[in-house]
Amino acid sequence: MDADEEFRLQVSAVANHKDSTYYRTAELDAHVIDASLIGLSATIELTIGENEICSAECLDEGLVSTIADFWTSTLITAANGGKGAVTTTLSVQALKPIYSGTKIHVICTASEPDSRPMPYATARFVNAANHNDIFALATHTKFFKRA
């Protein structure tokens, strides 16, 4: 098993141990389909249903923030050897309409945990068939006490 596959399994394990009553994301059928230890990234796949679309026909921004919070936090925790952090900022933006039944990839990328005083991550919500077709974006900054 290569390092990226081990990291993908680690990200999945961290996600499976989170409290599902806190994160609605745990109710969605989302799976880590790819991860890169060197790139500190993970790709999550899910299919959007009617309940995930707002009246503007975009991804519901509450859902976007929950998914971004859950998966970028999971990525940062996995990259930091299991050590969690506290959110300082979370910003989301739905960009364009989406249809129920659309399969999307949430591409999360994190900074090196030790490269900045506060680790950060981004999440791009893209069409699984065309990663240039972006439905929503999120940025997430975390804080944790250094030893």
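The values are calculated or read from the model by the stated rules, or taken from the named source; none is laboratory data. As the structure is a computational prediction, the values presented were derived from the model and not from experiment. Heads up: the accessible areas ignore ligands, DNA and RNA and are worked out on the full protein's heavy atoms, side chains in. Shrake-Rupley method; radii C 1.70, N 1.55, O 1.52, S 1.80 Å.
Tabulated results
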item	result
Share of carbon and sulfur in the accessible heavy-atom surface of the chain [1.4 Å probe, %]	50 percent
Expected 222 nm ellipticity per residue - DSSP helices of 4 or more, -39500 (n - 2.57), all of the chain, to 500	-7500 deg cm²/dmol
Mean shadow area of the chain over all directions, Cα convex hull, nm²	8.7 nm²
Percentage relative contact order, the chain, counting C-alpha pairs under 8 Å, at least six apart	24 percent
P(r) of the stretch 30-113 over all Cα-Cα pairs, binned every 5 Å from zero, in whole percent	3, 14, 23, 23, 18, 11, 6, 2, 0
Rounded to 10°, Cα long-axis angle of helix 3-16 versus longest principal axis of the chain	70 degrees
For the chain: accessible area per residue (Å², 1.4 Å)	53 Å²
Residues whose placed amide H lies under 5 Å from that of F135, excluding near-sequence neighbours	F125, V126, N127
